[in-house]
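Any read-out appearing in this document is the output of simple, stated calculations on the displayed coordinates, not a laboratory observation. Quantities reported herein were computed from a predicted structural model and do not represent experimental measurements. With ideal geometry, Cβ positions are generated from the backbone for all residues, glycine too; neighbour counts draw on all protein chains shown.
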Amino acid sequence: MTNWTWELRSRDGGMNGLELALALTAGDFSRVLVHAAPAHLRVHVRADDGRTVARGEPDRDGDYSPITLLELAGGELRRAEIWPDGSHLGLPVILPGGEVGVLTAWEHAPDRSWWRWSVEFSNHVGRPADWQPEGQRLQR
């Protein structure tokens, strides 16, 4: 297993767009969440050896939500604006700036006028690709 680098850029602004996040996760995640994703997004996922895992320009289709789900399938990216539920707990969340945590809780009003969520952060000095804290619940 190798680490993956997620390069997320807004395609709005400037010739090359604006960087949203340059984030590092363990590899083999088929789904990740992104907080505050721009409507026009460019994504490039690379393995430690520089190999492209996936790349694409998934644009928002529909209304804004605070969380975007990116799914990798056969080297392609799919995007959905979601209001997380229990099936999304344990997924990595990429935040603007590049920090990555794991979604541990989510709730929102039925009319979506408010939401509350929790993200757990952990790290390891050597950044081994298969490391996670004891007891941490991850989904791949």
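So I have (1) 105; (2) 116; (3) 171, and one of them is volume of the Cα convex hull per residue in Å³ calculated from this model. Which one is it?
Computing volume of the Cα convex hull per residue in Å³ and matching it to (1) 105; (2) 116; (3) 171 gives (2).
Please compute the length gained on full extension between TRP115 and ASP85, using 0.36 nm multiplied by the number of residues separating them and subtracting their Cα-Cα distance. Let's see the in-between values first.
Values: separation 30, 0.36 × 30 = 10.80 nm, distance 1.17 nm.
Result: 9.6 nm gained on full extension.
Assuming a ≥ b ≥ c are the square roots of the Cα gyration tensor eigenvalues, decide whether the stretch 32-94 counts as rounded (a/c under 1.5), prolate (otherwise, with a/b larger than b/c) or oblate. Could the numbers behind the result be given before it?
Working: a/c = 2.14, a/b = 1.42, b/c = 1.51.
Oblate, since a/c reaches 1.5 and b/c is not below a/b.
I need the calculated FRET efficiency for the pair THR52 and MET1, taking r as the beta carbon distance and R₀ as 30 Å, to the nearest 0.05.
Values: r = 17 Å, r/R0 = 0.57.
Here the calculated transfer efficiency is 0.95.
Can you give me the Cα centroid spacing of the stretch 100-132 and the stretch 20-99 in angstrom?
For the stretch 100-132 versus the stretch 20-99, the Cα centre distance is 14 Å.
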